[in-house]
Amino acid sequence: MTANTESDRVLIFDTTLRDGEQCPGASMNLGEKLQVAQALARLKVDIIEAGFPVASPGDFEAVKQIAQTVKGPRIAGLARCVDKDIEVAAEAVAPAGDRGRIHVFLATSAIHREHKLRKAKAEIIKAAVAGVKKAKGFVEDVQFSPEDASRTELDFLVEVTEAVIDAGATTINIPDTVGYAIPEEFGRCIAYLKEHVRNIDQAVIHVHCHNDLGLAVANSLEAVRNGARGVECTINGIGERAGNCSLEEIVMALRTRKDAYGELWTGIHTPEIYRTSRLVSQLTGLHVQRNKAIVGANAFAHESGIHQDGMLKERSTYEIMNPEDIGLTTGSELVLGKHSGRHAFREHIQELGFTLEGERLQQAYDDFISLADKKKHIYDDDLIAILQQHLEVVRGAYVLNYLHVSTGNITVPTATVRLEKDGELLEDAACGDGPVDAALNTIERITQVSATLTDFALQSITTGKDAQGEVTVTVRFEDGSLLTGKASSTDIVEAGAKAYLNCINRFLAKADQA
Ligand code: KIV
Ligand code: ZN
């Protein structure tokens with residue numbers, strides 16, 4: 001076995017909090033983003049792209065607080081090649097000190113130049129160079145992305161890349177913005193840049209692939225085979241449209257197929273993968289499909305008799321990775337029970353990566369005790385579901401205080417709901433087509449926020465008859481925005497009501513920030 005060398009290292013640039021969060025319905029609040037950033041640090045990603053600071057005050061605050069509190073990875077903020085964007089990004093990443101990175105981007109393809117930017121090639125180069133120089137005035141670590149690079153003429157891509165490296169860019173990121181590339185061609189593009197960009201030895205090449213054709217991971221693998229040394233990716237592959245390259249897939253592919261990828265390696269602490277995937281799914285409300293590679297519920301399940309027989313005789317007959325390598329252990333059952341004290345509870349949630357103090361810790365503990373009263377086994381997923389509800393107590397948020405539903409096959413389903421908002425109790429009742437509909441109608445009457453439920457999905461988060469039901473709702477608001485909310489309870493009507501309220505609170509918080 002040979003030792004890992006720095007030249008074979010593939011840097012993992014995680015953009016879950018920026019490109020991932022751009023995914024419809026996936027928005028996270030400040031507390032949630034901080035938890036994800038801490039989890040990414042435990043996973044040992046090299047760079048966290050924490051947001052697009054100029055996009056909103058919420059984005060700015062998130063990048064700034066992540067830069068202030070998260071130790072280890074570099075912290076990047078995105079900016080267009082526009083002075084204001086770069087100044088705001090610089091201010092947001094400043095608390096990270098020399099771990100701060102500004103990531104500037106500008107589209108280079110003919111389609112974008114002609115139709116979106118209406119700029120000639122020379123103007124694009126001028127703006128890109130000016131953007132990099134401006135960023136360089138604030139930080140040493142500047143990344144440049146020629147947006148839609150995979151549809152850009154190769155000779156122009158070389159020209160832009162040379163110019164921005166001369167201007168001080170130390171990372172050149174090649175995005176396949178619309179997921180159009182195919183592996184062989186994308187690999188050739190990277191090889192071409194390595195060969196033709198005069199000063200390429202002064203920068204690291206990253207790639208940023210979208211998954212519109214389901215090829216994001218394959219394209220990224222081909223890119224690293226051809227000399228890229230950074231992969232931009234997201235947990236669970238979430239992101240714009242069909243998503244981005246999935247972090248867990250690229251990392252495990254490189255690790256499992258060392259025979260094919262030579263000595264390439266990443267610094268990812270893989271036993272944190274499963275937990276981080278669950279956390280991101282919980283906080284964004286975006287389900288991981290059961291058959292998703294690496295982290296899907298079926299990824300390590302063997303159903304057919306032939307496979308089970310083979311597994312019993314020799315695991316490697318049907319298993320190419322150990323579940324333990326991604327942190328999947330059968331012993332993830334919580335050793336705490338309803339008699340556990342607050343101290344043990346606090347220690348366990350810290351191991352899960354959550355930091356709650358004071359009143360929030362007490363409320364989460366109270367919820368844990370009441371769940372332990374109803375449910376025999378409590379799993380880490382049960383706990384994450386509880387903790388999610390206590391990450392940020394947003395002022396002005398509605399909290400479910402009481403819910404009663406009356407339903408049956410010949411009664412009109414009716415719900416009585418009491419909500420608490422800043423200490424005030426608000427109560428009403430309404431009917432509906434079913435108990436969930438009645439509860440949601442009542443919430444709409446109380447909050448006076450009109451919204452349309454576009455999706456309601458129920459999943460059991462752990463096992464057993466007393467498992468918590470996890471409800472994910474997607475709601476469209478009058479301004480056209482689409483938000484996803486998630487909540488869990490052993491009672492699915494209550495989970496539905498809480499998930500719906502979660503969306504309403506996010507909508508109100510967003511409206512407040514605008
Ligand atoms: O997909 C893309 O081109 C991007 C850039 C901002 C890197 O997300
Ligand atoms: Zn992207």
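The values are calculated or read from the model by the stated rules, or taken from the named source; none is laboratory data. Just so it is clear, the structure is predicted and the values come from calculations on it, not from any experiment. When we count neighbours, we look across all protein chains shown, and the Cβ atoms used for this are built from the backbone with ideal geometry, even at glycine. For accessibility, only protein heavy atoms count, side chains too; no ligands or nucleic acids. Shrake-Rupley method; radii C 1.70, N 1.55, O 1.52, S 1.80 Å.
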Checklist outcome for this item: For Lys374, counting only aspartates and glutamates whose alpha-carbon sits under 17 Å away and dropping same-chain residues fewer than eight positions off, the answer is Glu333, Asp366, Asp382, Asp466, Glu470, Asp491, Glu494
Checklist outcome for this item: One finds, for Asn409 and Leu352 with R0 = 51 angstrom and r their Cβ-Cβ distance, a FRET efficiency to the nearest 0.05 of 0.75
Checklist outcome for this item: In Å³ per residue, the alpha-carbon convex hull of the chain encloses 167
Checklist entry - Ordering Cys209, Cys81 by how much accessible area each has at a 1.4 Å probe, largest first, what is the list? => result Cys81, Cys209
Checklist entry - Distance in nm between label sites at His343 and Ala242, each 7 Å beyond Cα in the beta-carbon direction? => result 5.4
Item to check | Per-selection Rg to Rh, segment 6-284 - Cα, Kirkwood hydrodynamic radius | outcome: 0.94
Checklist entry - Can you list the HN-Hα couplings for segment 204-211, worked out from phi with the Karplus curve (6.51, -1.76, 1.60; θ = phi - 60°), rounded to whole Hz and with x for Gly and Pro? => result 9, 8, 10, 10, 9, 10, 9, 10
Checklist entry - Once you put a point 7 Å from the Cα of Ser7 and another 7 Å from the Cα of Glu153, both along the Cβ direction, what distance in nm separates them? => result 3.4
Item to check | Efficiency of FRET between Thr416 and Thr256 - r from beta-carbon atoms, R0 56 angstrom, step 0.05 | outcome: 0.55
Checklist outcome for this item: Quick shape check on segment 7-108: root eigenvalues a ≥ b ≥ c of the Cα gyration tensor, a/c under 1.5 is rounded, otherwise prolate if a/b tops b/c, else oblate, and it reads rounded
Checklist entry - Relative to the longest principal Cα axis of the chain, at what angle does helix 247-256 sit, 0 to 90 degrees, rounded to 10? => result 70
Item to check | Ala457 paired with Ala191, simple spin-label distance in nm, labels 7 Å along Cα-to-beta-carbon | outcome: 3.9
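Give me the percent of the accessible area of the chain that comes from carbon and sulfur atoms, probe 1.4 Å, all protein chains in place.
Answer for the chain is 50 percent, counting heavy atoms of protein chains only.
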Checklist entry - At a Förster distance of 22 Å, what's the computed FRET efficiency of His287 paired with Asn322, Cβ-Cβ distance as r, to 0.05? => result 0.30
Item to check | Heavy-atom surface of the chain, accessible at 1.4 Å and reported per residue (Å²) | outcome: 44
Item to check | the chain, helix-only ellipticity at 222 nm - DSSP H runs n ≥ 4, -39,500 (n - 2.57), divided by all residues, nearest 500 | outcome: -12000 deg cm²/dmol
